[in-house]
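Before I ask anything, here is the structure I am working with.
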């Protein structure tokens, strides 16, 4: 478990301070969910934010944001992604836009399971169907979709199909 201490923005490393300023400018009330921790490499402290979604989301894990290793890592439920900051690009995307898309329910997190075994996690535009995910393993049996307020949260059974990847 990560050893965190109360946030003191002056003690954050430059990368973390830059992201914290942008995040709290967009979402000032999230400052109360922020802490900091000592990085694995380098000096200063990094930002660690945990935001609990509404219970209706059915998410097994909260929204977690950290700035360790000179990147921004954002996780929600069973999915996480890494972003460059402040020099984000189209390949990796803007972490602030990603947060807005998750909390605004334009994106849902999808985890694919083969029985009790996790197979993969990805994101999906809330208006799209699970059938549009291209790399679902043949053995997959269920897709768990989770959205911030739960509007799009559901579990979908996946019929066995031979056109999926793997064996």
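Values quoted throughout were computed directly from the atomic coordinates according to the rules given, and no laboratory measurement underlies them. What you see is a predicted model; the values in this text were computed from it and never measured. Methodologically, a virtual Cβ is constructed for each residue, glycine included, from the backbone with ideal geometry; neighbour enumeration extends over all protein chains shown.
Could you bin all the Cα-Cα distances of the chain into 10 Å bins starting at 0 and give me the percent of pairs in each, rounded to whole numbers?
So the P(r) values, bin by bin, are 10, 35, 31, 18, 5, 0.
Can I get the semi-axes of region 54-96's equivalent ellipsoid? Compute them from the C-alpha gyration tensor as square roots of 5 times the eigenvalues, in angstrom, largest first. Before the final figure, lay out the partial values.
Numbers: eigenvalues 105, 22, 12 Å².
After diagonalising the Cα gyration tensor, the semi-axes are 23, 11, 8 Å.
Test of understanding: in a Gaussian network model of the chain with alpha carbons linked when under 10 Å, which of 53, 39, 62 would top the mean-square fluctuation ranking?
39
Just to confirm my numbers, what's the Cα centroid distance between region 23-58 and region 131-149 in Å?
A separation of 28 Å, based on Cα centres.
Please compute the modelled spin-label separation between residue 155 and residue 5, points set 7 Å along Cα→Cβ, answer in nm with one decimal.
4.3
Assuming R0 = 30 Å, what is the FRET efficiency of residue 43 and residue 64, from their Cβ-Cβ distance, to the nearest 0.05?
Numbers: r = 23 Å, r/R0 = 0.76.
According to the calculation, E is roughly 0.85.
Could you please rank 147, 25, 56, placing first whichever residue has the fewest other Cβ atoms within 10 Å of its Cβ?
Exposure proxy ranking, most exposed first: 25, 56, 147.
Of 58, 128, 38, which is the most mobile in a GNM of the chain whose springs link Cα atoms less than 10 angstrom apart?
128
Here's something else I'd like to know. To the nearest 10 degrees, how steeply does helix 14-26 sit against the main Cα axis of the chain, on a 0 to 90 scale?
Approximately 70 degrees, to the nearest ten.
Right, here's the next one. Does a label point 7 Å from the Cα of residue 142, set along Cα-to-beta-carbon, have any residues of region 41-64 with amide nitrogen under 20 Å, and which are they?
Output list for this probe position: 55-62.
Given labels modelled 7 Å from the Cα in the Cβ direction, how far is it in nm from residue 25 to residue 134?
About 3.6 nm separates the two model spin labels.
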